[in-house]
Each structure stands twice: as C-alpha cells, then as structure tokens.
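Heads up, the thing below is written out as structure tokens.
What follows is calculated from the coordinates using simple rules that are stated; it is not laboratory data. Just so it is clear, the structure is predicted and the values come from calculations on it, not from any experiment. Positions of Cβ are backbone-derived with ideal geometry, glycine not excepted, and every protein chain shown enters the neighbour counts.
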Amino acid sequence: MEYVYDADILGQLAAHGLCPRPSTPPGVVRDALSDLYRYEIRRLRRTLLEGGIEKRDYSNHVIALRKRYWLLSLPVDHWAATKA
C-alpha cells in the first residue's frame, strides 16, 4: 500500500529528521516521532535534575517541547491518504 502524506505533515516530520517513503505507514512514522519526543522529554528532565534548568523554568521548557511536537496531537488518520 502507498500513502500520500500531506505537505505540511512532511514539513513537520522533516524538522524532526523524519522523511517517510510512500510505502511507510503513518502509524510507524508516528511511533518514531513519539520515540523522539519521549527521548527529549527524558533529556529535559535529566537536565533539570542535574541543575541545568531552574525548577521554576521547567514547565516553560516542557510547553515549548510540546509545541514542537504538536503533530502528535493530530490523529494519525489525518497524516496521509492511501493511494489507490
């Protein structure tokens, strides 16, 4: 099966270093993006615990990270259409 990804979705994915092929199911791409987000949120938490971020500023960093990964809030069904 082939998928036609929306151009805006491809742009957002490229910003995270992901470039799905037409044969890549959107669910697989979403899982990869989710893995990247979890890695970054864990790294952010580790930075907080090591003293690299003030506790009062931590929530702002988390919000900024969520905004960078807004695509995860969009249902995967809206990422691409199947090619007939």
The computed P(r) of the chain puts the percent of Cα pairs beyond 19 Å at 43 percent
In region 1-58, taking the dipole from +1 charges on Lys and Arg beta carbons and -1 charges on Asp and Glu beta carbons about the Cα centre, the listed residue (Val28, Met1, Tyr39) farthest towards the positive end is Tyr39
Of 70-77, 24-31, ordering from highest average Cβ density within 10 Å down gives 24-31, 70-77
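If you place +1 on the Cβ of every Lys and Arg and -1 on the Cβ of every Asp and Glu, how big does the dipole about the Cα centre of the chain come out, in debye to the nearest 20?
340 debye
Where in region 32-84 are there GluC sites (Glu not before Pro) that are in a DSSP coil and have at most 14 other Cβ atoms within 10 angstrom of their Cβ?
Sparse-neighbourhood loop GluC sites (Glu not before Pro): Glu50, Glu54.
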Once phi for every residue in region 26-43 is put through the Karplus expression 6.51 cos²θ - 1.76 cosθ + 1.60 (θ = phi - 60°), the whole-Hz ³J(HN,Hα) values, with Gly and Pro written as x, are x, x, 5, 5, 4, 4, 5, 5, 5, 4, 4, 4, 4, 4, 5, 5, 5, 5
Relative contact order as a percentage, the chain, C-alpha pairs under 8 Å and 6+ apart, gives 51 percent
